[in-house]
Amino acid sequence: MASFQLELVSPEKLLLSRKVDMVVFPAAEGEMGVLAGHAPMIVSLRGGVIAVHEGGQVTEQLFVAGGFAEVAADRVTILADEATPLASLSKSEAQSRLAEAEAAFAAAANEAPEKREPMMARMLAARAMVEAAAAA
Amino acid sequence: MPSLKSLRLRINSVKSTRKITQAMKMVAAAKLRRAQTQAEAARPYAERMERMLASLGASIAGSPDAPKLLVGTGADKVHLLVVVTAERGLCGGFNTNVGRFARAQVRALEAEGKTVKIITVGRKGAVYLKREFANRIVAEISFANKKRIGFEDASEVSAKISDMLDAGEFDVCTLIYNRFKNVISQTPVGQQLIPAPLPEVAADGGALYEFEPTEEEILARLLPQNLGIQIYRALLDNAAGFYGSQMTAMDNATRNAGEMINKLTLNYNRTRQANITRELIEIISGAEAL
């Protein structure tokens with residue numbers, strides 16, 4: 001199976017850089033699986049889980065709170081705002097973050113929609129984090 | 001001639017000063033290493049961000065509804081300077097250099113008839129610039145209670161800047177900080193943040209990409225992130241430079257203290273010998289007189 005170079009970077013460090021067979025990431029408009037030879041794309045990510053497939057198996061799962069992915073034929077670069085391996089995700093932290101985001105969203109109920117949008121995204125990301133933590 | 005006792009006291013006090021500066025140098029060296037690895041770890045993200053921005057920005061910069069973060073407000077009246085300095089002193093000319101650079105910039109801009117606003121990041125810069133430009137400082141940000149700087153801290157600063165931009169409080173934003181060249185040399189630089197200078201588009205062209213959702217939406221999220229990254233980079237450079245500068249300063253101080261101890265010890269021994277000689281002369285001449 002053809003493989004491609006996957007790079008996962010957060011502002012604080014380079015998390016992953018190696019050859020993989022497939023990666024599935026949470027694009028803004030739905031999950032997206034990428035194989036080698038994909039058409040070049042730049043995609044915005046929402047909060048969710050990135051799954052790395054190698055040799056027909058999921059070898060790595062990481063939660064991202066949001067970010068961007070650049071897809072080219074022979075490489076995929078994911079710029080994550082923040083990435084945590086699923087195994088070390090803390091349920092309580094996810095829950096407190098969700099509560100915080102929900103409160104902020106509720107407090108801004110009368111704001112302009114453009115202002116509420118990033119809060120909404122934060123809330124959805126937190127919700128995804130809680131789900132991911134529960135599944136792990 | 002100072003008395004023997006006062007010389008002894010001075011030697012002891014300089015010795016303890018030397019102990020302190022030596023310890024500070026050691027601590028700075030350890031922290032420098034940590035700050036440098038952190039700065040290194042941040043580089044891949046910034047590089048990839050730049051590449052993505054290059055392929056995105058070029059296609060959209062010309063359009064009339066391009067985001068403000070990219071093209072600015074179109075005016076050039078009000079300048080916002082973000083001055084990044086260290087939280088502490090005892091680091092040679094580190095903070096003063098940035099301060100002086102910032103002061104020169106403010107003067108030059110005001111001579112051109114522009115309005116200047118200042119945000120200081122780091123306590124020392126605020127103290128320095130307050131003396132002269134207190135009425136131009138619009139915000140002071142300090143990370144004095146933080147042990148290490150994370151990306152959230154940088155986003156805090158960038159959120160503040162983009163809020164001000166949305167409120168139309170400035171037209172051009174420049175970041176002033178010490179660029180870390182190596183351990184012994186840091187140079188103050190001014191880097192324009194808004195309007196964002198676009199990185200050169202690679203020769204293979206960026207127009208081939210498809211975008212999801214749309215180019216505009218991605219750019220609207222990418223630009224604030226990019227602003228945060230630029231500031232994060234400056235903060236890390238500032239931290240590494242500070243420790244480098246402190247290490248050099250403390251090394252010099254230790255050496256100077258050593259020299260001073262040598263001089264004082266020489267002086268002490270001479271005085272002691274002079275006293276002995278004088279006493280001998282007194283005894284001998286007393287004996288002769290008998």
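Summary of values
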read-out	value
Cβ pairs under 7 Å, 6+ apart, first in the stretch A:1-27 and at the interface with chain B (Cβ under 7 Å from one of its Cβ atoms), second of a type in the set (V, I, T)	A:P11/B:I229; A:A27/A:V43
Residue in the stretch B:60-83 that is over 30 Å from B:A253 (Cβ atoms), touching a residue at least 12 places away in the same chain (Cβ under 8 Å), among the hydroxyl-bearing types (S, T, Y) and within 14 Å of chain A (Cβ to nearest Cβ) present	no
Residue under evaluation B:F143, criteria (1) surrounded by 15 or more Cβ atoms within 10 Å (Cβ to Cβ); (2) at pLDDT below 90; (3) within 14 Å of chain A (Cβ to nearest Cβ), criterion not met	(3)
Test result for A:S92, more than 17 Å from the chain's Cα centre (by Cα) and hydroxyl-bearing (S, T, Y)	yes
Condition check for B:V201: over 16 Å from B:T120 (Cα atoms), surrounded by fewer than 19 Cβ atoms within 10 Å (Cβ to Cβ), modelled with pLDDT of 85 or more and away from every other protein chain (no Cβ under 12 Å)	no
Conditions (1) more than 12 Å from chain B (Cβ to nearest Cβ); (2) in contact (Cβ under 8 Å) with a residue 40 or more places away in the chain; (3) not acidic (D, E); number of the one not met by A:L79	(1)
Test result for A:A51, in a strand (DSSP E or B), within 29 Å of A:V34 (Cβ to Cβ), within 11 Å of chain B (Cβ to nearest Cβ) and free of Cβ contacts under 8 Å to residues at least 60 places away in the same chain	no
The stretch B:227-246, residues that are more than 10 Å from chain A (Cβ to nearest Cβ) and within 30 Å of A:K115 (Cβ to Cβ)	B:L227, B:Q230, B:I231, B:A234, B:L235
Answer residue from the stretch B:135-161, given it is in contact (Cβ under 8 Å) with a residue 60 or more places away in the chain and in a helix (DSSP H, G or I) and is nearest to A:K13 (Cα to Cα) among those	B:F151
Selection within the stretch B:257-290 - in contact with a helix residue (DSSP H, G or I) (Cβ under 9 Å, 6 or more places away or on another chain) and either exposed (fewer than 11 other Cβ atoms within 10 Å of the Cβ) or within 16 Å of B:P2 (Cβ to Cβ) (or both)	B:M260, B:I261, B:L264, B:T265, B:N267, B:Y268, B:T271, B:R272, B:N275
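The values are calculated or read from the model by the stated rules, or taken from the named source; none is laboratory data. Since this is a predicted model, take the numbers as computed values, not measurements. Positions of Cβ are generated from backbone atoms using ideal geometry, with glycine treated the same way; all protein chains shown enter the neighbour counts.
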